[in-house]
1. Once you have a ≥ b ≥ c as the square roots of the Cα gyration tensor eigenvalues for region 232-351, tell me rounded if a/c is under 1.5, and otherwise prolate or oblate according to whether a/b is larger than b/c.
2. Among A464, I533, G502, which residue has its Cα positioned farthest towards the positive end of the charge dipole of region 460-547, with +1 placed on the Cβ of Lys and Arg, -1 on the Cβ of Asp and Glu, and the dipole taken about the Cα centre?
3. Just for the Cα atoms in region 473-535, what are the lengths along the principal axes, largest first, rounded to whole Å?
4. Mean residue ellipticity at 222 nm from the helices of the chain, using -39,500 (n - 2.57) per DSSP H segment of n ≥ 4 over the full residue count, to the nearest 500 deg cm²/dmol?
5. Dipole of the chain, Cα-centred, from +1 at each Lys and Arg C-beta and -1 at each Asp and Glu C-beta, to the nearest 20 debye?
6. What is the antiparallel percent of DSSP beta bridges lying wholly in region 223-377, to the nearest 5?
7. Whole angstrom only: what separates the Cα centroid of region 420-441 from the Cα centroid of region 490-532?
8. If we count other beta carbons within 10 Å of each Cβ, what is the order of R201, R245, fewest first?
Amino acid sequence: MTLHDNGLRFLGNGSLATQVWEGPAASIAFDAAGIKEKLLALDQPCYFVGDATRIGVTNAGQLRCSTGHEMKPEQLLLAVPPLPPQRLGDPAFLAAHGARYPYMTGSMAHAISGEDLVIALGKAGILASFGAGGLAPARVETAIRRIQAALPQGPYAFNLLHSPGEPALEEHTVNLYLKYGVTTVEAAAFIALTPAIVRYRVAGLGLDAAGQIEIQNRVMAKVSRREVATRFLQPPPAKIIRQLREQNLITELQATLAEKIPMADDITVEADSGGHTDNRPLVCILPSIIALRDELQEQYDYPQPVRIGAAGGIGTPSAVLGAFMMGAAYVMTGSVNHACVEAGASQHTKKLLSQAATTDVMMAPAADMFEMGVQVQVLKRGTLFPMRARKLFELYKTYASLEDIPAAEREKLEQRTFQRSLESVWEECVAFFGERDPAQLAKAARDPRRKMALIFRWYLGRAAYWSITGEKGREADYQIWCGPAMGAFNDWTRGSYLAEPGNRHVADVAQQLLTGAAFLYRLQSLKLAGLQIPAYYRQYRPVVSSQ
């Protein structure tokens, strides 16, 4: 059956003979623009009706069982139910976090995902994580107070970044979260569980009036490896529990209850993302972690199974839908928020991000785990940072101390990369670590290579700061965390109002991605039912909200 002027073709096995559509004939759209409008009405059902020569679409009317004797001019061909974006994920995620949508934004260090971003999304009913990584405890405390005042009922989360080189900082951060009653943390970059994250989790355990375990402190773990996911899917390690109990940091009851709960409520499977990433393909790692969750759920029989979300490469409606179709309970975005109005980044950085292609990214040494060889994914377009950072790591691996570096190489470092003497950089390092972590200076005094690492880390850390503040004259050294999702988002929004960074607001971006995903799901359902849909109908472009 074909309507020649709108391109729809129904290749199914006939009408839904057991049902009849009843409604106003005037509500049926037969023109292409009208049909597209009906398809986009996601909070309403869609009825496809036609006769021997044409197919139309309506959201009005209702279905009833056929008596088999009706002679109606409009024959029901297909019907699809409403699909508002809220239904795409796991309703348990919405209930647990008090969120309106199965969508969250991940933390970006140094408050790139700062108070403005978290509050804007929270007011829209979307969970967002404050980027506490790299910040002093006093700065994090300020953020807690402001976000809690603006979102007394949530939703919001705070990042807990694993700091293997600075365990004291991790402890200070947990102390703040417990002090202020921060009930959701996004645990990131963990290789193994630490006393700090276990303490946060277990210190919130208790029993409700019915004698059931009550978990007050929720953990959302961001992982990209099965072995790390396993640690968060299992109960807290008994050894750490004993240690915390001996230190009177948890109660005997909490220690007992800890044996019956997983370390995390949610696990976000992080694929090829910006910042810290293993560059894993989502289509491989997400199903693997979901299967692992199911296996361990059968073993431990938790009252509430751990929810599995998806992150990395989520920059278009197609990617959002793909994650949900693979079984994700929720999706997490990162890079696409970096270029938004509310992000804590300079206008120059946001402009570069809005121009990025999917191939304009590369890996570079990470400041927080430099000596371990850990890398982060950054933007390479418009900046020399990744190349210069890689050179620093090459020198670190080659030479045992600054004094061993050839004079010509050292001169290049001082003139081009640092743009100052290495001695003056070391003086800043002494001042910084003298206040933040004096143990680092003691290690550097014993190990010349350690001193070299701290100096090189100065450049990596400052490069991120310059990108955030828009330091004039250092644009070529901006460190801009970014994954290929940024380029995919730019491709999708090209020619629309969202192509301009000044129009990108985080809550609107979230709504557009989710709406587009729900729309594409509706079309896929129609395709599977036998409807051939021309390209015009399959395109979802960002539309300015009328609200």
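Since every read-out is calculated from the coordinates, none of them should be taken as a lab result. None of the values given here were measured: they were computed from a predicted structure. Every residue, glycine as well, gets a Cβ built from its backbone with ideal geometry; the counts of neighbours run over all protein chains shown.
1. Oblate.
2. Going by the Cα projections, it comes out as I533.
3. That gives 59, 20, 19 Å along the principal axes, largest extent first.
4. -12500 deg cm²/dmol
5. Working: 55 positive and 53 negative charges, 125 e Å.
Here the chain has a charge dipole of around 600 debye.
6. Percent antiparallel among DSSP bridges in region 223-377 is about 40.
7. Cα centroid of region 420-441 versus Cα centroid of region 490-532: 48 Å apart.
8. R245, R201
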